[in-house]
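Peer 1: Below are the structure tokens for one structure; questions will follow.
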Amino acid sequence: MRVTVDEDLCIGDETCVDICPEIFEMNEEGLAITKLGADEEVPESREASCREAAESCPAEAIIIEE
């Protein structure tokens, strides 16, 4: 699975970082980004927490592609 953050929707709540800091971090503008490269997939060991982060995002800015 792949994950991206729509920076136009992100409100900088940091919920994703709290839930899944291995995948998400905040950039200099205070918006969430992924730590993954463009072609990198979420490691299986982090898929559940990544999904939880997406479901918990108040702005629905996290996009998961299977």
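Peer 1: Roughly how many percent of the accessible protein surface of the chain is carbon and sulfur, given a 1.4 Å probe and a whole-percent answer?
Peer 2: Here carbon and sulfur together make up 41 percent of the probe-accessible area.
Peer 1: Could you work out how far the C-alpha centroid of the range 3-24 sits from that of the range 42-65, in angstrom?
Peer 2: The two parts, judged by their Cα centres, are 8 Å apart.
Peer 1: Among Gly30, Ala59, Val17, whose Cα sits farthest toward the positive end of the charge dipole of the chain (+1 at Cβ of Lys/Arg, -1 at Cβ of Asp/Glu, about the Cα centre)?
Peer 2: After comparing all options, I get Val17.
Peer 1: Continuing with the same structure: For log10 I(q)/I(0) by the Debye sum over Cα atoms at q = 0.15, 0.19, 0.29 Å⁻¹, the listed values are (1) -0.65, -0.83, -1.12; (2) -0.77, -1.01, -1.06; (3) -0.37, -0.60, -1.49; which was obtained by calculation from the structure presented?
Peer 2: (3)
Peer 1: Another question, if that's okay. Helix-only estimate, please: 222 nm mean residue ellipticity of the chain, summing -39500 (n - 2.57) across DSSP H runs of length 4 or more and dividing by its residues, to the nearest 500.
Peer 2: It lands at -6000 deg cm²/dmol.
Peer 1: Now a separate question. Give me the percent relative contact order of the chain, please, defined on Cα pairs under 8 angstrom at least 6 residues apart.
Peer 2: Across the chain, relative contact order equals 48 percent.
Peer 1: Could you give the nm distance between label points at Asp18 and Glu60, where each point is 7 Å from its Cα heading toward the beta carbon?
Peer 2: Result: 2.1 nm between the two label points.
Peer 1: How large is the dipole of the chain about the Cα centre if only Lys and Arg carry +1 and Asp and Glu carry -1, each at its Cβ, rounded to the nearest 20 debye?
Peer 2: 140 debye
The values are calculated or read from the model by the stated rules, or taken from the named source; none is laboratory data. Remember, predicted model here, so these are calculated numbers, not experimental data. All Cβ positions, even for glycine, are placed from backbone atoms using ideal geometry, and neighbour counts span all protein chains on display. For accessibility, only protein heavy atoms count, side chains too; no ligands or nucleic acids. Shrake-Rupley method; radii C 1.70, N 1.55, O 1.52, S 1.80 Å.
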